[in-house]
Amino acid sequence: MKHTLVALVENEPGVLNRVASLFRRRNFNIDSLTVGRTEDPNISRMTIVLDSDVTRVDQVQKNLYKLVNVIQVYEITEQPSVSRDLALIKVRASAEVAVLASQFGARIIDYRDGAMILDLSDEEDRVEQFIEALRPHGIIELVRTGVVAMGRGNHVVQAPQLA
Amino acid sequence: MELTGAEIIWECLLREGVEIVFGYPGGAILPTYDALSKYQDRVRHVLVRHEQGATHMADGYARITGKVGVAMATSGPGATNMVTGIATAMMDSVPLVCITGQVPSTVLGSDAFQETDITGITLPITKHNFLVTNVKQIAPALRKAFHIARTGRPGPVLVDITKDAQNQKLDFTYPTEPLRLPGYVPPSAATPDQIERALALIKSAERPLILAGHGVMMSGAERQLLELAERAQIPVALTLLGKGAMPEAHPLCLGMMGMHGAAAVNQAIQSADLLLAFGMRFDDRVTGNLRTYSPNSRKIHIDIDASELNKNVKVDVGIAGDLRTVLEQLLPHVPSLSHAAWLGEIRNWQEETDERDIVHHVAPSDKLYAAHAIHDLWAATNGDAIVVTDVGQHQMWTAQYYLNQRPRTLITSGGLGTMGFGFPAAIGVKLGAPQETVWAIVGDGGFQMTLCELATAAQENVNVNVAIINNAYLGMVRQWQEFFHGERYNATPMHNPDFVKLAEAYGIAARRVRTRAEIPETVAWAHSINAPTVVEFQVEKEDIVYPMVPAGADLDKMIRRPAPPRNLPDWSENH
Ligand SMILES: Cc1ncc(C[n+]2csc(CCOP(=O)(O)OP(=O)(O)O)c2C)c(N)n1
Ligand SMILES: [Mg+2]
């Protein structure tokens with residue numbers, strides 16, 4: 001089963017390296033990890049997606065806490081939340097591709113040299129379906145950001161000590 | 001007051017209560033060594049012969065005193081030489097602060113002379129580390145380093161300080177504001193619910209057993225452990241690093257568990273209906289096969305590190321907290337209990353174990369068995385020395401035959417099993433506890449990994465006694481070759497130097513022992529000398545540590561000493 005963890009970390013050099021090093025050392029396999037800034041300039045936020053059939057979620061969470069720069073770790077899998085994965089996909093331009101794009105709500109953000117770049121930001125599953133639908137049409141280049149997630153309404157991810 | 005970064009380093013060490021620093025100079029740390037002139041009346045610097053030695057000495061010092069050990073080295077090779085000592089301290093949760101010089105910040109990342117990414121290298125083997133590139137960061141980083149090293153689950157912290165930061169000047173007042181460590185909150189107490197669930201298990205158990213680890217000593221919970229064991233009549237088994245948590249002569253103390261633990265202890269673990277694991281981490285050397293480990297027991301696990309709970313062994317009540325705090329929460333509710341039948345059963349196993357014990361057998365007078373040598377050393381020191389071991393067969397025999405009556409009397413590298421640890425660690429131990437008699441018990445193999453520190457012991461006149469258990473083999477590896485690799489003794493026989501002459505070359509008094517009869521007198525001789533001594537015990541070469549649970553085997557599937565004991569032909573006559 002897929003699990004989503006959100007980690008608030010101190011915005012300091014080397015923190016991403018510490019997290020990556022931990023995952024490698026403990027043999028934790030993760031599906032995706034994203035990191036970016038937050039409303040607080042001192043804090044960065046990581047979204048980590050992993051599969052509990054492969055990696056023990058409690059161990060990931062507890063070991064993240066052992067890193068001095070990790071402030072808070074939330075499991076938001078069971079909470080009402082929204083998540084987005086963004087993909088940029090370059091394909092040979094064609095009418096069928098344009099139709100698929102509009103069906104999935106993807107935007108065509110570039111067209112040049114007979115290739116278009118499609119931009120889809122949606123839940124991971126939807127992005128995956130879109131990619132599968134495009135495959136027969138020849139994907140030239142593909143890039144994804146990995147998942148970011150946020151709890152809905154009062155489900156707020158915040159660093160308690162700093163809030 | 002205007003101070004250089006180098007001076008600020010020493011000021012911070014003084015503020016942290018540091019009395020002694022083990023180190024070795026070099027270009028990138030030279031400003032800090034230069035500033036030592038101003039501080040050497042208040043901090044003792046011990047010049048080692050290899051930076052690994054500095055880390056092990058700081059480690060020994062930390063284990064005996066409970067304070068933070070400090071080691072210092074230059075950049076590049078100085079820093080990388082510390083890696084083994086840092087990893088050793090990490091595995092055994094020993095508080096260290098290692099300070100390394102680094103190339104100037106202006107050339108960081110350019111492969112400058114003696115540049116190495118030591119914070120990168122030590123990332124997975126430190127509790128935390130810092131790269132300091134500016135004089136203003138020195139005091140905050142060092143304050144955090146000491147705090148992190150000694151609190152929670154202790155561990156080594158490395159602070160890498162660029163040479164320019166050491167040279168920069170700053171109008172300095174020691175910072176007093178609270179440390180800003182928002183992500184660092186070690187757990188402390190148990191919840192009422194956890195206490196209740198633990199109590200219910202304790203009250204209903206018929207065959208309970210306490211597993212006491214290093215954490216008992218680190219949290220200072222020896223008294224609480226004893227109180228619980230006595231009041232609830234629960235026997236106690238010790239991990240290797242847990243030795244000393246409870247007096248081994250106490251009737252409820254069963255001795256060591258695990259791969260070379262007493263057979264009776266492992267049998268008790270396998271037959272228990274409740275395990276109370278205190279400050280230990282179910283290492284594979286104590287569990288054997290996890291699938292068959294203590295199959296019929298409920299388990300309560302108390303450890304300061306939440307990630308240890310349910311890591312190797314699934315537990316029924318896992319409490320992340322400081323052991324002493326949690327036991328103090330628990331104790332007021334623990335009633336007097338009795339488990340006479342269970343204790344009787346264990347006693348029977350112990351009697352059977354004792355019968356096979358080599359110390360109860362008399363060897364031919366021309367043979368010296370290492371187990372006898374260590375047993376006799378124990379007797380000759382009244383069991384009251386601080387014993388520091390290296391790694392190998394002699395380490396296990398020491399664990400089996402040097403019984404510990406007090407906490408912190410066995411210092412040994414458990415988790416990493418670092419050969420070369422024993423002798424330098426013993427130097428650190430003696431410097432941390434000058435009033436104690438200190439014996440390093442080392443193998444001929446491991447001693448040769450760090451014997452250069454004989455020069456340190458001589459120069460600093462550290463009154464530590466070294467017992468070299470010389471079997472002319474990498475004995476523990478030879479044992480595995482005998483059991484598991486068809487007796488092919490590749491790369492384990494050792495042609496050794498004359499250890500007596502070697503010690504004497506360093507100006508250290510030394511003697512050789514070949515028979516049991518010589519031991520008491522030789523120990524008395526060593527104790528009479530107020531300086532380091534070396535005693536070489538020439539022991540039987542091909543000997544085996546019994547019992548042994550082969551790696552990954554079921555804990556009660558031990559290889560036992562054949563009775564009558566191996567290589568003791570006149571056993572029946574003398575028995
Ligand atoms: C640095 C290091 N290298 C290798 C080993 C593997 N090892 C474990 S015990 C041992 C043999 C130790 O021999 P010795 O020091 O003579 O002690 P003995 O077992 O003979 O008592 C070896 C090589 C180790 N633990 N540490
Ligand atoms: Mg040997």
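The values are calculated or read from the model by the stated rules, or taken from the named source; none is laboratory data. Remember, predicted model here, so these are calculated numbers, not experimental data. Backbone-built Cβ (ideal geometry, glycine too); neighbour counts: all protein chains shown. Ligands, DNA and RNA are stripped out before the accessible areas are found, and what is left, the full protein with its side chains, is counted by its heavy atoms. Shrake-Rupley method; radii C 1.70, N 1.55, O 1.52, S 1.80 Å.
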If B:E196 passes every condition in (1) outside any helix (DSSP H, G or I); (2) without any contact (Cβ under 8 Å) to a residue 40 or more places away in the chain but one, which one does it miss? (1)
Among the residues of segment B:166-180, is any closer than 30 Å to B:I302 by Cα and buried (at least 22 other Cβ atoms within 10 Å of the Cβ)? no
Across segment B:37-73, which residue is nearest to B:Y24 (Cα to Cα) among those that are open to solvent by 10 Å² or more (accessible area, probe 1.4 Å) and β-branched (V, I, T)? B:V68
Does segment A:89-105 hold any residues that are touching a residue at least 40 places away in the same chain (Cβ under 8 Å) and surrounded by fewer than 17 Cβ atoms within 10 Å (Cβ to Cβ), and which are they? A:R92, A:S94, A:E96
I'm trying to understand the selection: among the residues of segment B:277-310, which are farther than 20 Å from B:K127 by Cβ, within 14 Å of another protein chain (Cβ to nearest Cβ) and surrounded by fewer than 22 Cβ atoms within 10 Å (Cβ to Cβ)? B:N310
Please work out if B:T32 is buried (at least 21 other Cβ atoms within 10 Å of the Cβ) and more than 15 Å from the chain's Cα centre (by Cα). yes
Pairing a residue in segment B:123-136 that is closer than 24 Å to B:P104 by Cβ and more than 10 Å from chain A (Cβ to nearest Cβ) with any residue that is part of a loop (DSSP other than H, G, I, E, B) and open to solvent by 40 Å² or more (accessible area, probe 1.4 Å), where Cβ atoms lie under 6 Å and the two sit 6 or more apart in sequence or on different chains, gives B:V135/B:Q168
If only one of A:S32, A:S21 is touching a residue at least 12 places away in the same chain (Cβ under 8 Å) and either closer than 24 Å to A:V143 by Cα or more than 8 Å from chain B (Cβ to nearest Cβ) (or both), which one is it? A:S32
Against the condition open to solvent by 30 Å² or more (accessible area, probe 1.4 Å) and not assigned by TED's automatic domain parsing to the domain that holds B:V513, how does B:D316 come out, does it pass? yes
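When you look at B:P187, is it open to solvent by 20 Å² or more (accessible area, probe 1.4 Å), closer than 26 Å to A:I43 by Cα and not assigned by TED's automatic domain parsing to the domain that holds B:Y61, yes or no?
It is true that B:P187 is open to solvent by 20 Å² or more (accessible area, probe 1.4 Å), closer than 26 Å to A:I43 by Cα and not assigned by TED's automatic domain parsing to the domain that holds B:Y61.
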In the set B:V438, B:V477, B:V442, which member is among the aliphatic types (A, V, I, L, M), surrounded by 16 or more Cβ atoms within 10 Å (Cβ to Cβ) and more than 12 Å from ligand 1 (Cβ to nearest atom)? B:V438
Within segment B:392-416, the count of residues that are touching a Ser or Thr at 6+ places or on another chain (Cβ under 6 Å) and surrounded by fewer than 24 Cβ atoms within 10 Å (Cβ to Cβ) comes to 1
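On the basis of being buried (at least 19 other Cβ atoms within 10 Å of the Cβ), within 14 Å of ligand 1 (Cβ to nearest atom), among the aliphatic types (A, V, I, L, M) and closer than 22 Å to B:V523 by Cβ, does B:I374 make the cut?
The answer is yes for B:I374.
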Please work out which one of (1) within 16 Å of ligand 2 (Cβ to nearest atom); (2) within 23 Å of B:E19 (Cα to Cα); (3) open to solvent by 30 Å² or more (accessible area, probe 1.4 Å) is the condition B:E460 fails and give its number. (1)
Based on what the data block shows, is B:Q448 within 16 Å of ligand 2 (Cβ to nearest atom), among the polar types (S, T, N, Q) and either more than 14 Å from every other protein chain (Cβ to nearest Cβ) or open to solvent by 30 Å² or more (accessible area, probe 1.4 Å) (or both)? yes
State which residue pairs qualify: first residue closer than 20 Å to B:Y506 by Cβ and inside segment B:526-544, second residue of a type in the set (F, W, Y) and open to solvent by less than 10 Å² (accessible area, probe 1.4 Å) in any location, beta carbons under 7 Å apart, and separation of 6 or more residues or different chains. B:V534/B:F499; B:E536/B:F499
Checked B:A503, B:A467 against criteria (aliphatic (A, V, I, L, M), more than 13 Å from ligand 1 (Cβ to nearest atom) and open to solvent by less than 40 Å² (accessible area, probe 1.4 Å)); the one match is B:A503
Residue list for segment A:41-70, restricted to those being away from every other protein chain (no Cβ under 11 Å) and either over 17 Å from A:G146 (Cβ atoms) or of a type in the set (V, I, T) (or both): A:P41, A:T47, A:I48, A:V49, A:S52, A:D53, A:V54, A:T55, A:V57
